[in-house]
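Q: One structure coming up, written as structure tokens, with questions to follow.
Nothing in this text is a laboratory measurement; each read-out follows from the coordinates by a stated rule. Remember, it's a predicted structure, so these values are computed and weren't measured experimentally. Counting neighbours? That spans all protein chains shown, and the Cβs are built from the backbone with ideal geometry, glycine included.
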Amino acid sequence: MYALIAVAMAKTAVEIDPTDASGHNLIAQDAYAQKDYQTALNEFMKACQYDSSNYSYFYNLGKTQYVLKKYNEDAYDGFISIIFHINDKINMP
């Protein structure tokens with residue numbers, strides 16, 4: 001029940017602010033749990049677009065691409081994004 005309320009609140013948040021990355025991520029996680037992988041993919045992509053500093057969004061995006069058998073450049077690009085993100089964190093002064 002709480003999960004349904006959280007997803008409804010995330011959908012409202014995204015309607016109010018379409019750039020709310022955490023809202024897109026929560027919607028995507030729910031879609032993934034429901035095996036609606038295409039919706040999950042679209043929402044994870046938005047989460048990554050609006051918050052490129054959160055590596056877990058990229059991980060979830062890659063996991064969804066794997067399920068959808070998108071092994072080509074999409075998965076590669078996601079992997080490279082994570083590597084550069086981690087590298088940036090390591091090299092921070």
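Q: For MET9, what charge total do you get from the other residues with a beta carbon under 14 Å from its beta carbon, if Lys and Arg give +1 and Asp and Glu give -1?
A: With Lys, Arg at +1 and Asp, Glu at -1, the net is -3.
Q: Listed highest first by mean packing, meaning other Cβ atoms within 10 Å per residue, what order do 59-66, 31-38 come in? Don't skip to the answer; put the middle values down first.
A: Numbers: 59-66: 20.1, 31-38: 14.1.
The packing order, highest mean first, is 59-66, 31-38.
Q: To check my understanding: the extent here is largest minus smallest coordinate of the Cα atoms along each principal axis. What are those three numbers for region 1-73, in Å, largest first?
A: 34, 26, 16
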